[in-house]
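The structure appears right after this line, and notes come after that.
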Amino acid sequence: MASDHPRFTDSTGRSGIVETGQVSVADPAAETAAALPVSAQDPTQADGSVQGYRAGRTLPVRVELARQLGRRRTRLALGFLMLLPLLLLAAFEIGDDGSTPRTGDLAGMATSSGLNFAAFAVSSSAGFLLVLVVALFFGDTVASEASWCSLRYLLAAPVPRGRLLRQKAIVAALLSLLGTVLLPAVALAVGLFWYGPGELATPNGSVLSFAAGAVHLALAVAYLAVQLSWVAGLALWLGVSTDAPLGAVGGAVLVSILSQILDQISALGSLRSFLPTHYASAWSDLLAEDVDWTGMANGTCSALIYATVFVTLAHWHFHRKDITS
């Protein structure tokens, strides 16, 4: 039966019926959307996130590592660690007076073999240079994002705060470990090329074969990497507490220097053992035939305790920080 109501067709081809001044439009797109489940109509899930979003897929380590390796400060820091052994070699060759290497300290025996040269390179850089490199990678990683005003955009991506801090700390740890290993590796290669694969002569008069000396040197580097973890934790905490990268890096280095100064004050007695740098040079115990592990065990425990406290503080502060930059 034909309808008495007039019909119309609009410019898009849709037809409708005019009823009491109203137009009822048969919209195929609307009908299709109504037939879809609610989740397909609205991509927002019950928890407020968008379908397909996975927090565990945000800011992958490989992406952050590529970003950090592309930065000039990373290339300069790693490049200088590779250049330092060459500078030390040049210094020894320029100042060579033709005398035989003296015993009693690593500097005097540095030219006796490649292992001794590498041991001296580690000894000369462990107290400050490696501290600076670790503080740079950990203190700058979050603070630089804040100084560039890009931190809030990362969090709005959205990257959860805990994951962002963890991913950046992992990349900083990888770069710090690379720098800690790169210096002695290059120094050993330069020393072997210039001074040959001789034995490792230690300051206490003992002599280690090349194989044993290489193992002891590798253990010394591993201990240094663990011992510097307290610097990493402190720099990370300072890095999330300020928008100035220089302040975070400089603050961590300053605390290390202050701790080393206080450790020289014998009047403090047993209180010095609580300083984070008190066992910093315990790795030198490996330069002996009979290794005393006491100092390194205490240093490992001390560094890990300090690192745990500082990382916990960094995590707590970052989760409560008002991100405005």
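Compute the signed sum of charges (Lys and Arg +1, Asp and Glu -1) over the other residues within less than 15 Å, Cβ to Cβ, of R71.
Neighbour charge sum, excluding R71 itself: +2.
What value in Å³ per residue do you get for the convex hull of the alpha-carbon atoms in region 258-317?
In region 258-317, the Cα hull volume divided by residue count equals 97 Å³.
Binning at 5 angstrom from zero up to the longest distance, how are the C-alpha pair distances of region 55-320 distributed in percent?
That works out to 1, 6, 12, 16, 16, 15, 12, 9, 6, 4, 2, 1, 0, in percent per bin.
Tell me whether region 171-306 comes out rounded, prolate or oblate; compute the Cα gyration tensor, take square roots of the eigenvalues as a ≥ b ≥ c, and use a/c under 1.5 as the rounded threshold.
Note, shape of region 171-306 comes out oblate.
What whole-number distance in Å separates the alpha-carbon centres of region 167-192 and region 108-136?
Going from one Cα centre to the other spans 12 Å.
If I model a spin label at M82 and S206 as a point 7 Å from the Cα along the Cα→Cβ vector, what separation in nanometres do I get?
3.6
Every number here is computed from the coordinates shown, using simple stated rules; none is lab data. Not measured: the values here are computed from a predicted model. Every residue, glycine among them, receives a Cβ derived from its backbone with ideal geometry; neighbour counts consider all protein chains shown.
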